[in-house]
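In what follows, a structure is listed as structure tokens, so that the remarks can point back to it.
The values are calculated or read from the model by the stated rules, or taken from the named source; none is laboratory data. Predicted model, so just to flag it, every value in this text is computed and none were measured. A quick note on method: Cβ atoms are made from the backbone with ideal geometry, for glycine too, and the neighbour counts reach across all protein chains shown.
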Amino acid sequence: MKAAVFRSHNRDPNKVVKIEEIDVPKIDPNEVLIKVEAASYNYDDLWAIWGEPIKVPMPHISGTDIAGTIAEVGENVTSLKKGDRVVSHANLSCRVCSLCTSGREYDCEKRQVWGFQTGPLWGGYCQYTHLPEVNVAKIDDNLSFEAAASISMVGMTAWHMLVGRANIKPGQTVLVMGGTSGVGIVGIQIAKLYNCNVIATAGNKEKMEKCLELGADNVVNHREENWYKEVRKLTNKKGVDVVFEHIGKSVFPQVVPLLKMGGTLVSTGSTSGYDSTIDLRYLFFKGITLMGATQGTKAELEEVLYWTSKRKIKPLINVVLPFSDMVKGHIMMINGEQIGKLITTPQKV
């Protein structure tokens, strides 16, 4: 089979990521073999290629979001059969520790992000891959492989942030930072599904318009110097109930003061840098909550897939790239060119 493999780290994906011919993987008794029809790009692809912030097993196949059909099932698999249409749940955990059995599989000490921390040669950018039965979710026939792959990781993460962690309520005001990012696209729609007032941010006019199309009630340009003053103005100086954050260093000092008394900030990343600062007076005087979130549960993934199949959450796909040209997607991510998710199709070389 064909797979996108890299055997060393480099800041330029073109120099290391190559389409190679490798063996189709053999499956364990509790696993399924999946024919990959669509795979979605994520920022952890770049971290893996760069070798930052962590090194990954080599040789490496990236790809945490895939959708396809079951090609083979292990002898101990009971809930899936050959031909089922499925999507990956990339949170690999032990499933037996107290954290996993209490519904916090994303906090498992043995947790790994499949397609990022796994290997050698175990990820989604290939024509066939394998996963444990518990890390596969079925998808409805009315959901395309491209749509399912594009929504799985970002949808699950956004749902976990807003519903699982921030516990959003109808009528709240939610500030969605980076509204045209992968998680932002779904974050806007989940907040509207819960009948919240949504203020989104974006970095240019085209992205701002897309936020409004996705359902945001208002949008501001977070690249303007005083963007946070516009947010405060939109709330009549009352602030927001929830901040949905993943940009990090460049905006963090500005978003914390935007919270109302008792408000919540939930963060799942820091693409602009980690070493930020905050004025601690906002923390204790306002009684705000700062919380982190990473990935989510399989149940949260299935919740997102359900609402997506009902057209209440709509994936936003920028481009579908043939497998032979898949590195173009990595370059697009580096340059920040896309609005929406990038997809590659391993069966179409």
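So GLU206 clears everything in (1) assigned to a strand (DSSP E or B); (2) surrounded by fewer than 22 Cβ atoms within 10 Å (Cβ to Cβ); (3) outside the structural domain of GLU37 (by TED's automatic domain parsing) except one condition, right? Which one?
(1)
If the requirement is being surrounded by fewer than 19 Cβ atoms within 10 Å (Cβ to Cβ), at pLDDT 95 or above and β-branched (Val, Ile, Thr), which of these qualifies: THR64, THR69?
Details: THR64 fails: surrounded by fewer than 19 Cβ atoms within 10 Å (Cβ to Cβ).
Result: THR69 is the single residue among THR64, THR69 that is surrounded by fewer than 19 Cβ atoms within 10 Å (Cβ to Cβ), at pLDDT 95 or above and β-branched (Val, Ile, Thr).
Please enumerate the residues belonging to segment 25-45 that are at pLDDT 95 or above, outside any strand (DSSP E or B) and not acidic (Asp, Glu).
Those that are at pLDDT 95 or above, outside any strand (DSSP E or B) and not acidic (Asp, Glu): PRO25, LYS26, ILE27, PRO29, ASN30, TYR41.
If you take the residues in segment 330-349 that are part of a loop (DSSP other than H, G, I, E, B) and over 15 Å from SER150 (Cα atoms), which one is modelled with the lowest pLDDT? Can you show your working first?
Filtering segment 330-349 down to residues part of a loop (DSSP other than H, G, I, E, B) leaves 336-340, 346-349.
Then keep just the ones that are over 15 Å from SER150 (Cα atoms); that gives 336-337, 347-349.
Working: GLY336: 82, GLU337: 73, GLN347: 95, LYS348: 91, VAL349: 84.
The residue in question is GLU337.
Can you say whether GLY164 is outside any loop (DSSP other than H, G, I, E, B), of a type in the set (Gly, Ala, Ser), in the same structural domain as LYS233 (by TED's automatic domain parsing) and more than 26 Å from VAL320 (Cα to Cα), as far as the supplied structure shows?
On the way: outside any loop (DSSP other than H, G, I, E, B): yes; of a type in the set (Gly, Ala, Ser): yes; in the same structural domain as LYS233 (by TED's automatic domain parsing): yes; more than 26 Å from VAL320 (Cα to Cα): yes.
Yes.
Quick check on my filter: what residues within segment 18-55 are surrounded by fewer than 23 Cβ atoms within 10 Å (Cβ to Cβ), aliphatic (A, V, I, L, M) and either under 22 Å from the mean Cα position of the chain (by Cα) or at positive phi (or both)?
Matches in segment 18-55: LEU46, ILE54.
Report whether or not GLY164 is farther than 27 Å from GLN338 by Cα and under 17 Å from the mean Cα position of the chain (by Cα). Don't jump to the end; show me each part of the working.
Values: farther than 27 Å from GLN338 by Cα: yes; under 17 Å from the mean Cα position of the chain (by Cα): yes.
Taking the combined requirement at face value, the residue satisfies it.
Let me confirm something: among ASP241, ASP217, which residue is modelled with pLDDT of 95 or more, over 23 Å from LEU290 (Cα atoms) and either surrounded by fewer than 23 Cβ atoms within 10 Å (Cβ to Cβ) or assigned by TED's automatic domain parsing to the domain that holds HIS89 (or both)? Reasoning before the result, please.
Numbers: ASP241 fails: over 23 Å from LEU290 (Cα atoms).
Of ASP241, ASP217, the one residue that is modelled with pLDDT of 95 or more, over 23 Å from LEU290 (Cα atoms) and either surrounded by fewer than 23 Cβ atoms within 10 Å (Cβ to Cβ) or assigned by TED's automatic domain parsing to the domain that holds HIS89 (or both) is ASP217.
Out of the residues in segment 295-327 meeting the condition of being of a type outside the set (A, V, I, L, M) and in contact with a strand residue (DSSP E or B) (Cβ under 6 Å, 6 or more places away or on another chain), tell me which one is nearest to PRO13 (Cα to Cα). Don't jump to the end; show me each part of the working.
Within segment 295-327, the subset of a type outside the set (A, V, I, L, M) is 295-298, 300, 302-303, 306-312, 314-315, 318, 322-325.
Filter once more, so that each one left must be in contact with a strand residue (DSSP E or B) (Cβ under 6 Å, 6 or more places away or on another chain): 295, 302, 318, 323.
Details: GLN295: 25, GLU302: 33, ASN318: 20, PHE323: 14 Å.
Among them, the one singled out is PHE323.
Do we have VAL327 as at pLDDT 85 or above, surrounded by 14 or more Cβ atoms within 10 Å (Cβ to Cβ) and not small (Gly, Ala, Ser) here?
Numbers: at pLDDT 85 or above: yes; surrounded by 14 or more Cβ atoms within 10 Å (Cβ to Cβ): yes; not small (Gly, Ala, Ser): yes.
Judged against the criteria, VAL327 is a match.
Could you count how many residues in segment 255-267 are surrounded by 15 or more Cβ atoms within 10 Å (Cβ to Cβ) and either out of contact with any strand residue (DSSP E or B) (no Cβ under 7 Å at 6 or more places or on another chain) or farther than 17 Å from GLY164 by Cβ (or both)? Give the steps one after another, and end with the answer.
Step one: filter segment 255-267 for residues surrounded by 15 or more Cβ atoms within 10 Å (Cβ to Cβ), giving 255-260, 263-267.
Subsequent filtering for residues that are either out of contact with any strand residue (DSSP E or B) (no Cβ under 7 Å at 6 or more places or on another chain) or farther than 17 Å from GLY164 by Cβ (or both) retains 255-260, 263.
Going through segment 255-267 one residue at a time, the tally reaches 7.
Looking at LEU283 and the list (1) surrounded by fewer than 22 Cβ atoms within 10 Å (Cβ to Cβ); (2) in a strand (DSSP E or B), which single condition is not satisfied?
Exception for LEU283: condition (2).
Could you check how many residues of segment 220-238 are under 23 Å from the mean Cα position of the chain (by Cα) and either surrounded by fewer than 22 Cβ atoms within 10 Å (Cβ to Cβ) or not in a strand (DSSP E or B) (or both)? Show your work before the answer.
Within segment 220-238, the first condition is being under 23 Å from the mean Cα position of the chain (by Cα), and the residues that meet it are 220-223.
Filter once more, keeping what is either surrounded by fewer than 22 Cβ atoms within 10 Å (Cβ to Cβ) or not in a strand (DSSP E or B) (or both): 221-223.
Result for segment 220-238: 3.
Can you go through THR345, THR277, THR294 and tell me which one is surrounded by fewer than 18 Cβ atoms within 10 Å (Cβ to Cβ), touching a Phe, Trp or Tyr at 6+ places or on another chain (Cβ under 7 Å) and either more than 21 Å from ALA216 (Cα to Cα) or of a type in the set (A, V, I, L, M) (or both)? Quick ask: steps written out before the conclusion?
Values: THR345 fails: surrounded by fewer than 18 Cβ atoms within 10 Å (Cβ to Cβ); THR277 fails: touching a Phe, Trp or Tyr at 6+ places or on another chain (Cβ under 7 Å).
Checking each option against the conditions leaves just THR294.
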